[in-house]
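For reference, the structure is listed below as C-alpha cells.
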Amino acid sequence: MDDLAASLDELAHRTGFSGAVRIDDRSGTRIAAAYGLADRRHGVPNAVDTRFAIASGVKGLTALTVMALVERGDLTLDTTARAVLGSDLPLIDDAVTVEHLLAHRSGIGDYLDEDSDHDVDDYLMPVPVHELATTEQYLPILDGHRQKFPPGERFSYCNGGFVVLAVIAERCGGAPFAGLMRELVCAPGGMAHTEFLRSDELPGDAAIGYLAADRPRTNVLHLPVVGTGDGGIYTTVADVHSLWEALDAGRIVPRARVAQMLESRSDVPAVSKRYGLGFWLQATGPAVMLEGMDAGVSFHSRHDAAGGLTWTVVSNTTDGAWPIDRHLSEVLPI
C-alpha cells in the first residue's frame, strides 16, 4: 500500500485533485487522505473527515429508506405510485410501481434527463434553486413530463424517479424524507455525519463545490438548495465505509432484503455495469457501487464484501474524482 499511497499523492498533485480518498481491506483502513481546499476563499483545506456532497450517491440511501419502510409495512414493492400520489403528477403511468422506480425501469419522464444534450455545469434547474428546499416543493418540476415507455420495458436512468420515491416515502412514512433517512438508514448505519445540508449555509466542516480545479465559481446556483431522493446529501468517507459495513451486517434492512436489492434487474452495457435496486453492480464481478456527479461534485465508492476490499473517492469539483478512481480501478483487484 505504500507504493499505492505514493502514486495517489503524485496523481492528486498532478491533476489538482480536491477531495478525499479512503481504502479499506480486511486488516482495516489502509489509506485515508485528503487533498485540496474545502473553501478556496478562506484557504480551508479538505480533511479526511470533511463532509462532501455525493450527488446521485444518495440513491442507494433512498433505496434503503424505501426498503426499510417496506420492512415496516408502510408500503410494498408492488405499491403503485398512483396509489400514493393521487391526482399529483398525472402523466405518470398508473402501472408504475415502487420497484419500477427503484430499478430505473419506470419509464416516467425526467425533470433532469441524462439522455438530453446538456453539460453538467449548465444551469439546469427549471426554477430558482432556493425554491427547492423540501421534497414536496419538487412536485412542480416533476410535472409535465410524458411517459417515455411502458413501465418495466427497459432500463432508463431517471433522477425524477428517485424524487418520486422520496415523495412516496414521506407520504407513507408520515415524516419529512430527510428525517426518515436519518432514522431508518443513517442511525442504524453508523452515519452520524451524513445529512442534507443547505448549500447556501454550509457548516465549517463541509466542502464547497467548485466547477473546476482552476475556476473559483461555486455550484450554489446550479443545484437545489436542499437535496432529496436523487441527490444532495453530504457525508464523509468514514460514513460511507460505515454504510457498507452496516449493509453487510443487515443492520439497516435484513440481509435477505439486501440480497434482493443487489440482484441485477438490468444490464447496462453503455456503462459496462448492471443495476439492482438503488445500487450499481459490476458487469461480471461481485462489487457493488454508488456513484454520482453534479456541478461541483464527483463521487465513486466500490465495495466487494467477499474480497474484503472497499474504496471511496469524492471530490468537490465536477469531475475531479475520476482520474483517482480510474487509477484505483487499474491497480486494485475489484
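The values are calculated or read from the model by the stated rules, or taken from the named source; none is laboratory data. On a predicted model such as this, the values are computed, not experimentally measured, just so you know. Virtual Cβ from ideal backbone geometry, glycine too; neighbours counted across all protein chains shown. These accessible areas exclude ligands, DNA and RNA; they are computed on the full protein's heavy atoms, side chains included. Shrake-Rupley method; radii C 1.70, N 1.55, O 1.52, S 1.80 Å.
Structural remarks
- Computed from point charges on the beta carbon alone (+1 for Lys and Arg, -1 for Asp and Glu), the dipole magnitude for the chain about its Cα centre is near 460 Debye.
- Cα gyration tensor shape of the range 149-215, rounded if a/c is under 1.5, else prolate or oblate by comparing a/b with b/c: oblate
- Once both labels are positioned 7 Å from their Cα atoms along Cα-to-Cβ, the gap between D49 and A270 label points is 4.2 nm.
- E136, E263, ranked by accessible area, largest first (probe 1.4 Å): E263, E136
- Selection from A207, G19, L61, by position along the positive dipole direction of the chain (Cβ): L61
- The alpha carbon centroids of the range 34-87 and the range 194-220 are separated by 16 Å.
- Solvent-accessible surface (1.4 angstrom probe) belonging to T236, in square angstrom, nearest 10: 10 Å²
- Note on the range 190-334: with neighbouring protein chains present and a 1.4 Å probe, carbon and sulfur make up 52 percent of its accessible heavy-atom surface.
- Residue (of M289, P254, S301) at the positive-pole extreme of the range 236-307, dipole from beta-carbon charges: P254
- Stokes-Einstein D (µm²/s) once Rh is taken as the Kirkwood radius of the range 93-148 over alpha-carbon pairs, at 20 °C in 1.002 mPa s: 166 µm²/s
- From the coordinates shown, semi-axes √(5λ) of the Cα gyration tensor in Å corresponds to which of (1) 30, 23, 18; (2) 36, 23, 18; (3) 41, 21, 16: (1)
- Full extension of the chain between D122 and S87 yields a length gain of 9.4 nm, computed as 0.36 nm times the residue separation minus the alpha carbon distance.
- Extreme residue, positive dipole direction of the range 37-97, given options T97, V48, G73 (C-beta unit charges): V48
- With both labels modelled 7 Å from their Cα along Cα-to-Cβ, the D248 to E263 distance reads 2.3 nm.
- For A6 and E114, the FRET efficiency from 1/(1 + (r/R0)^6), where r spans their Cβ atoms and R0 equals 41 Å, is about 0.70.
- Taking every alpha-carbon pair under 8 Å whose residues sit at least 6 apart, the chain reaches a relative contact order of 25 percent.
- Overall, the range 31-188 carries a charge dipole of about 420 debye about its Cα centre when +1 sits on the Cβ of Lys and Arg and -1 on the Cβ of Asp and Glu, all other atoms neutral.
- Between A283 and Q137, full extension at 0.36 nm per residue minus the direct alpha carbon distance yields a gain of 48.9 nm.
- Three-way shape label, the range 114-233, alpha-carbon gyration tensor, a/c 1.5: oblate
- Gyration tensor verdict on the range 170-290 (Cα atoms; rounded if a/c is under 1.5, prolate if a/b is larger than b/c, oblate otherwise): oblate
- Net charge dipole size for the range 243-300 [Lys, Arg +1 and Asp, Glu -1 on Cβ; Debye, nearest 20]: 200 debye
- For the pair the range 268-334 / the range 133-152, the C-alpha centres are spaced 27 Å from each other.
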